[in-house]
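A.B. asks: Have a look at this one before I ask anything.
The values are calculated or read from the model by the stated rules, or taken from the named source; none is laboratory data. Since we're looking at a predicted model, the values are computed, not measured. As a convention, Cβ positions derive from the backbone with ideal geometry for all residues, glycine included, and neighbour counts pool all protein chains shown. Calculation scope for accessible area: heavy atoms of the full protein, side chains included, ligands and nucleic acids excluded. Shrake-Rupley method; radii C 1.70, N 1.55, O 1.52, S 1.80 Å.
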Amino acid sequence: MAEDAKVEEKDNFDVGPLSVLQKCVKDNSQVLINCRNNRKILARVKAFDRHSNMVLENVREMWTEVPHGGKKKAKPVNKDRFISKMFLRGDSVILVLRNPKPLSPAIQSCMMVPRLLTLSDKPAVDFKRSEVSIGPQSHGIQRSMGRTRALLLCWLAVLRAVLASRAGVALEEDVATWVQLRSNRSRRTRHTVLLSNNLYWQGYGGETLWSYFIGSLGQDVVHLGGVRGHARVGLNLMGNMPMGDISQTVSTDVGVLGLLPGCFAGCRGPDDFDDLLTIFAREGRMSRAFTLCFDDSATGGGKLFLGKPTRSLPDTAVILPMAPVTSEMPSYAPMSTFEGNAHVLFYFGLREVGSLPAVEWNTMMRQGQSYSDTGTNGFQMPSHLLEQILKTIRTGIQQDQLCQSLWGHHLRKLSPSLVQEVAVPQEAMRCATRHLRDFYVKLGPKNEGLSISKSSFFYELEPCSQRFGISWGESGSDGMILGTAFNWGRSVLYDTSDLAAPRMVLLGPAEGCAVHYGEPQTEAVPLKGTPTEVLGTGGAMTLELALGTPKQVVTMQVHTGSQKLVGIHQTCRNLGNCFLVQPVDGQNTALLPGPDYNSATCQEQVSEMAKELVQHSCSRLKTKLLCECNRQEDCLALVMEAASQHVVPKQVCALTRKMCGERVDFFPELSQSFLPAQRFPSYPFAKTPDVQTVTARCHLDRCISPRTRSDRGEELDDIQH
């Protein structure tokens, strides 16, 4: 009997060390396995035995290599690969780490390596795509990075949050620095704080907070495409990032026309939605739908059509269901119509390069990890798919001796981690295009699917430069971001007339955007954007709309990843990167050191600001300054007032766009219909920018010599007005 008990205990995996694997099999949770030779594996366990031999699925193997053969000491390179099924011998296993409570939001985030974490004051990570909050209304951080590093940091962040919560202490205010979720491409992730005095703060994440701007929210008449309505309008007053170049995104420095359903900041449901198109639909001006047509010609451009098409859809149109857009932070996310255990299939031309269970695809779509976003440049995909595509192109180039010589050292940059550094001459680009194919995603049993045109793969780094980069890159997660490359060269209908059952309709090639897909009472809105602007790092397609009474025409970016209508006030100034302004909780505001904090100029300006702020309700904590107020708007107004008196602005907002004649400023003081009717809050700066020489490349559809002006930044306002 004793021997039988020992055998039974030996085979009972519910207790003892192997209980970790037993639980993983039962609830299908993931494990992180540390193996010999410094290899790490992230996978799901399907079966195992007492020797720790395992059958694994959805395996991500991660390791670090040090390149050999160079003269200089090479830096370690993180690598990974995806394997659908694997048998792992137990003698290779050193350590097994099981995800905490399965299927919790925190664990799902690390399982999927999303582009965004939302850390609340509880030890949980919410999976939504937009904000990272540590404590109420706090840090806004994000981004994509190498898959290996992102996974490890994600797990460490969750563990740290859990330990801090159990200890009954708050996370440190610079926990965002510790997490370091990095991106230098997308500007779309943000955290917004809307205050009772109509001030708002919005932050964008990267290595900690890397961009912020502060503005004031009002309401005015908006005219777009022959449709008129009253909508909320945000106007930026100051910020830190030198954005808004003529060939860069305009999202933080100039303006955004958000085409998503939703609210400017915080709402309880669809009844509270206040985005422009919802306002138009609510007032009976049009259906809540629109069509984007991006022309893929050398001059670019396109058209925005408002409302649902009254004409018959083309016979070749592809209709895809989208995830419901009824939540506070929705997205335009095409769903798969496969059922059961079927897989979504990925193709590069006729070659299958990967697959994903349809259930997982739809889960990522609902949770905001994959979406269509014209505020993101190009096309971003999981690294294992990108590796397959780049390997095919690289092999083709290597088989062509002339093409290989034209690519030279850039050939080694055809890898997921280096592809954004490619800058090749026109001849090299042309010979490589022979090996390009369309990327296709099969989403349904009747060949429903979507594609990314091969014509969007290369783009000219600057108009007329004859040097080309690559707009396809890695998303840093299992998600897929359908950026501007998705819309490039085609017409796409976004039909959200039914928020619970929205549709994406791929109408066909752009063909000059000659077909009017809007409602009869609307007019086509011209879009501007060269291939450089649309597919490049800015990812910007712009239009003109009119605000106020009488009308003031302003330029804004078309953004399917935002709900906001945001412009800039004439007093808006770029403050540079001496410090970053960030609300800490519902009452306080912090000044954090910026990238240029240690420079002599920054030290002088921050010191002068600190002298004034400490006389009020602020205190200095090493390199940080914390202002404590009864209301957050009081703190924010205090900081803005001090900045306007002691900081020398770096530039006028949207300086190069103004130099090129674009109309970007809005004057609420000149509008008879702007609300609130009282004086618009502004913080004129006592000190003007230094004399500087600014060069703006104004060519949009032809090569024009750059326009240069040496002057004081304040006087450049006269260029527009």
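A.B. asks: State to the nearest 20 debye the size of the charge dipole of the range 324-481 about its Cα centre, where the only charges are +1 on K and R beta carbons and -1 on D and E beta carbons.
C.D. replies: 500 debye
A.B. asks: Averaged per residue, what accessible surface does the range 588-672 expose to a 1.4 Å probe, in Å²?
C.D. replies: 44 Å²
A.B. asks: Long-range amide H contacts for Met322: which residues qualify at under 5 Å (H placed 1.01 Å from N, peptide plane, sequence gap of 5 or more or a different chain)?
C.D. replies: Met335, Arg503, Met504
A.B. asks: Using the per-residue mean of other Cβ atoms lying within 10 Å as a proxy for protection, in what order, highest first, do the peptides 341-350, 637-646 fall?
C.D. replies: 637-646, 341-350
A.B. asks: A follow-up question, please. Leaving out ligands, DNA and RNA but keeping every protein chain, what accessible area does Thr291 have, in Å² rounded to the nearest 10, with a 1.4 Å probe?
C.D. replies: The accessible area of Thr291 comes to roughly 0 Å².
A.B. asks: Extension gain His409-Thr64, at 0.36 nm per residue separation less the Cα-Cα distance, in nm?
C.D. replies: 122.0 nm
A.B. asks: Hey, can you grab everything whose amide H is under 5 Å from the amide H of Val422? Only 5+ residues off in sequence or another chain; H modelled, so Pro and N-termini drop out.
C.D. replies: Close amide H contacts, sequence-distant or interchain: Ile470.
A.B. asks: Where only protein heavy atoms count, and the probe is 1.4 Å, what is the accessible area per residue for the range 439-574 in Å²?
C.D. replies: 28 Å²
A.B. asks: Moving on. Considering only Tyr517, Leu499, Gly479, whose Cα is most displaced toward the positive end of the charge dipole of the range 441-534, charges sitting on Cβ of Lys, Arg (+1) and Asp, Glu (-1)?
C.D. replies: The listed residue farthest towards the positive side: Gly479.
A.B. asks: Once phi is turned into ³J(HN,Hα) by the Karplus curve 6.51 cos²θ - 1.76 cosθ + 1.60 with θ = phi - 60°, what whole-Hz value does each residue of the range 645-662 show in order, with x for glycine and proline?
C.D. replies: Once rounded to whole Hz, the list reads 8, 10, 9, 8, x, 6, 7, 6, 4, 6, 4, 5, 5, 5, 4, 8, x, 6.
A.B. asks: Something else now. Amide H to amide H under 5 Å from Ser475: which residues, 5+ apart in sequence or cross-chain, H placed 1.01 Å off N in plane?
C.D. replies: Here Met381, Ser383 satisfy the definition.
A.B. asks: Can you give the charge dipole size of the range 491-547 about its Cα centre, rounded to the nearest 20 debye, using +1 on the beta carbon of Lys and Arg and -1 on the beta carbon of Asp and Glu?
C.D. replies: In total the dipole reaches around 140 debye.
A.B. asks: Can you work out the FRET efficiency for the pair Arg89 and Leu313, with r the C-beta to C-beta distance and R0 = 56 Å, to the nearest 0.05?
C.D. replies: For R0 = 56 Å, the calculated efficiency reads 0.50.
A.B. asks: With charges only on Cβ, +1 for K and R and -1 for D and E, what is the dipole size of the range 384-469 about its Cα centre, in debye, rounded to 20?
C.D. replies: The dipole of the range 384-469 has a size of about 260 debye.
A.B. asks: In square nanometres, what is one fourth of the surface area of the convex hull spanned by the alpha carbons of the range 25-86?
C.D. replies: If I average the Cα hull's projected area over directions, I get 5.1 nm².
A.B. asks: Largest first, what is the accessible-area ranking of His223, His230, His51 with a 1.4 Å probe?
C.D. replies: Descending order: His51, His230, His223.
A.B. asks: If you take the charge dipole of the range 364-436 about its Cα centre, with +1 on Lys and Arg Cβ and -1 on Asp and Glu Cβ, which of Val419, Gly375, Gln388 is farthest toward its positive end?
C.D. replies: Value computed over the given set: Gln388.
A.B. asks: Taking R0 as 22 Å, what FRET efficiency do you get between Val15 and Val55 from their Cβ-Cβ distance, rounded to the nearest 0.05?
C.D. replies: That pair, Val15 with Val55, gives E of 0.50.
A.B. asks: Can you find, among Gln582, Thr656, Ser682, the residue sitting farthest towards the positive end of the charge dipole of the range 573-691, where Lys and Arg contribute +1 and Asp and Glu -1 at Cβ?
C.D. replies: The Cα lying farthest towards the positive end belongs to Thr656.
A.B. asks: While we're here: Evaluate the distance, in nm, between pseudo-label points positioned 7 Å from the Cα of Ala298 and of Asp400 along their respective Cα→Cβ axes.
C.D. replies: 2.0 nm
A.B. asks: Sort out for me the Cα centre separation of the range 466-508 from the range 329-355, rounded to whole Å.
C.D. replies: 14 Å
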